[in-house]
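Any read-out appearing in this document is the output of simple, stated calculations on the displayed coordinates, not a laboratory observation. What you see is a predicted model, and the numbers here were worked out from it, not measured in a lab. Glycine also receives a Cβ, built like all others from the backbone with ideal geometry; neighbour counts cover every protein chain displayed.
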Amino acid sequence: MEIFHIGAECYPAAKVGGLADVVGALPKYQNTAETQVRVVIPCYDNSFRKENNFECVHWSTLQLGKFNFPFSVLKESTNKLGFELYLVEIPELFDRPNIYSYEDDIERFLSFQIATLDWIIGRGTVPDVIHCHDHHTGLIPFMMTYAFKYEKLRNTSTVITIHNGLYQGQFGFDKLHYLPQFDLVHVNVLEWGNCINSLAAGIKCADAITTVSPSYLNEINYSANGLESLFRMVRHKSKGILNGIDNQVWDPEKDPMLDLNYAIATQEKGKQENKEELCTLFNLDPTKPLFSFIGRLYDEKGADLLPQASKLALSENNEAINILVLGSGNSEIENQLTELSLDYKGSFNVFIGYDEALAHKIYAGSDFLLMPSRVEPCGLNQMYSMRYGTIPIVRRTGGLKDTVVDFGDDGNGICHDQASVEDICDAIKRAIKLYGDQSSINKIRIKGMSTDHSWERVCQEYIELYNLIITKRNEN
């Protein structure tokens with residue numbers, strides 16, 4: 001079986017969030033003697049492109065409406081990621097360091113999808129499955145189904161995974177001419193909410209839809225930024241599959257990003273040593289419980305609650321706790337957190353930006369990880385934290401609900417129901433009390449570190465799904 005994963009991100013080649021971790025890990029574990037897995041992403045002007053070797057396997061020109069863009073497909077030469085990685089290089093559109101947030105993102109990602117399909121139909125064989133990820137690749141199933149030039153791919157099965165349904169890639173019908181020619185009788189397939197909706201088109205046309213957790217599949221039926229009724233209509237071909245994590249990358253016993261490694265048997269000593277190193281780095285007191293937040297500083301993650309919740313928690317507990325934040329995003333939230341670091345020196349600190357090695361150190365050195373998310377389709381941070389013996393404090397939503405059970409119910413974390421300052425502070429108070437019981441802390445840490453969140457567990461579910469849709473398509 002030949003499988004193509006197509007997305008905007010893939011760790012370590014290009015990363016903004018959890019999408020990259022999934023596209024960088026799932027293919028590695030799917031790549032077996034029975035399956036050939038290839039990953040395709042845009043070629044960004046970043047360090048990965050500059051520091052690795054590539055060979056050009058295809059070059060041509062793509063047509064985007066009246067515009068023509070030269071493009072090439074570059075293959076990473078060593079297969080160092082555990083699968084074949086291809087970068088689609090479109091110099092006029094992707095020779096920039098960032099992945100998103102450009103005014104011409106619609107043109108950029110539409111050209112990427114067209115170039116990818118142009119290359120695929122030019123190969124000697126067609127894949128069995130094309131697996132699309134989020135709205136950046138949502139028009140691929142539509143073009144494969146209806147565009148005249150891609151008739152060769154009509155029998156290839158398609159899956160679209162929704163990592164975050166809030167973002168849908170909408171644009172106006174004034175750009176309809178960007179798409180390769182198709183019979184306009186099918187134009188309604190593109191439409192949702194009086195515009196072209198890339199994600200909606202992918203959902204309508206794909207053979208199967210997956211979400212990154214079972215709970216998120218239920219949630220998008222009543223909260224999906226306008227697509228609720230569509231998700232209800234396609235429930236028969238939808239499945240929630242909980243993401244895994246790459247245990248080779250996230251392993252406190254062998255993690256090269258840690259100066260002090262540890263295993264389950266040595267977690268108490270190892271956690272304390274990493275905590276002392278982390279606290280020294282950020283001018284915090286290692287004798288206090290350390291609460292951390294790692295992620296994008298946006299309302300979706302509950303980050304807008306962090307400044308007030310942190311200030312209240314520090315005041316109510318006489319600064320007997322440490323709080324450390326790693327992230328970037330909303331400038332107002334960044335400024336508020338920076339001010340707190342000045343007002344509460346020795347108890348609160350923040351690193352604005354993202355640093356992969358630092359994230360690993362924070363998972364290893366923290367006692368608790370805060371995740372007060374309003375929306376969390378799956379969430380990987382809670383799985384990383386448990387792998388490193390850090391107890392997650394989460395709001396019950398999406399994948400957080402599927403992976404974290406409150407310690408009061410003999411679980412592996414601390415849970416609360418509302419994305420509110422009050423619920424966060426109440427959870428912190430419970431954590432402080434728990435911190436005083438070292439025996440209970442160790443029990444919960446060991447339970448989290450022992451939980452199997454590996455991709456090996458998940459891979460077979462996807463392979464079974466692929467086989468199912470291939471069989472159905474062949475029967476038709």
- Note on the structure: Taking the chain and counting helices only, DSSP H stretches of n ≥ 4 at -39,500 (n - 2.57) each over all residues, the nearest-500 ellipticity at 222 nm comes to -11000 deg cm²/dmol
- Please give the net charge around N164, taking every other residue with its beta carbon less than 9 angstrom from that of N164, where Lys and Arg add +1 and Asp and Glu add -1. -2
- Item | Contour minus Cα-Cα distance for N218 and D409 (0.36 nm per residue) | 66.4 nm
- Compactness check, the chain: C-alpha Rg relative to the 2.2 N^0.38 Å globular estimate gives 1.00
- Distance between modelled label sites at L166 and N247, nm, 7 Å Cα→Cβ extension: 3.2 nm
- Report, to two decimal places, the Cα Rg of the range 264-451 normalised by 2.2 N^0.38 Å (N = number of residues). 0.91
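What FRET efficiency do you get for K429 and E103 if R0 is 35 Å and r is their Cβ-Cβ distance, rounded to the nearest 0.05?
Efficiency, rounded to the nearest 0.05: 0.15.
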- Task: Report the trypsin sites (Lys or Arg not before Pro) located in the range 228-267 that are in a DSSP loop and have at most 14 other Cβ atoms inside 10 Å of their Cβ, or state none.
- Result: K254
- Task: Select from the range 1-107 those trypsin sites (Lys or Arg not before Pro) which occupy a DSSP coil region and have at most 12 other Cβ atoms within 10 Å, ordered by residue number.
- Result: K66, K80
- Task: Can you tell me the FRET efficiency between T280 and K152 if r is taken as the Cβ-Cβ distance and R0 is 60 Å, rounded to the nearest 0.05?
- Result: 0.50
- Query: Cα centroid distance between the range 172-216 and the range 371-398, in Å?
  - Reply: 31 Å
- Label points 7 Å out from Cα along the Cβ direction at E339 and V57: separation in nm? 5.3 nm
- Message: Explain nothing, just the number: dipole magnitude of the range 264-451 about its Cα centre with +1 on each Lys and Arg Cβ and -1 on each Asp and Glu Cβ, in debye rounded to the nearest 20.
- Response: 520 debye
- Query: So, by mean Cβ neighbours within 10 angstrom, what's the order for 297-304, 18-25 with the highest one leading?
  - Reply: 18-25, 297-304
- So how strong a dipole does the chain carry about its Cα centre when Lys and Arg Cβ are +1 and Asp and Glu Cβ are -1, to the nearest 20 debye? 820 debye
- Provide the FRET efficiency to the nearest 0.05 for the K66-R232 pair, computing r from the beta carbons and using R0 = 51 Å. 0.85
- Note on the structure: In degrees, nearest 10, the alpha-carbon axis of helix 455-475 is tilted away from the dominant principal axis of the alpha carbons of the chain by 20 degrees
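Taking the Cα centre as origin and putting +1 on Lys and Arg beta-carbons and -1 on Asp and Glu beta-carbons, what dipole magnitude results for the range 133-260, to the nearest 20 debye?
660 debye
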- Extension length gain for S77 and E319 (0.36 nm per residue less Cα distance), in nm, is 81.9 nm
- Message: Rounded to whole Å, give me the distance from the Cα center of the range 1-45 to that of the range 90-148.
- Response: 14 Å
- Mean separation of Cα pairs under 8 Å and 6+ residues apart, divided by the residue count of the chain: what relative contact order is that in percent? 12 percent
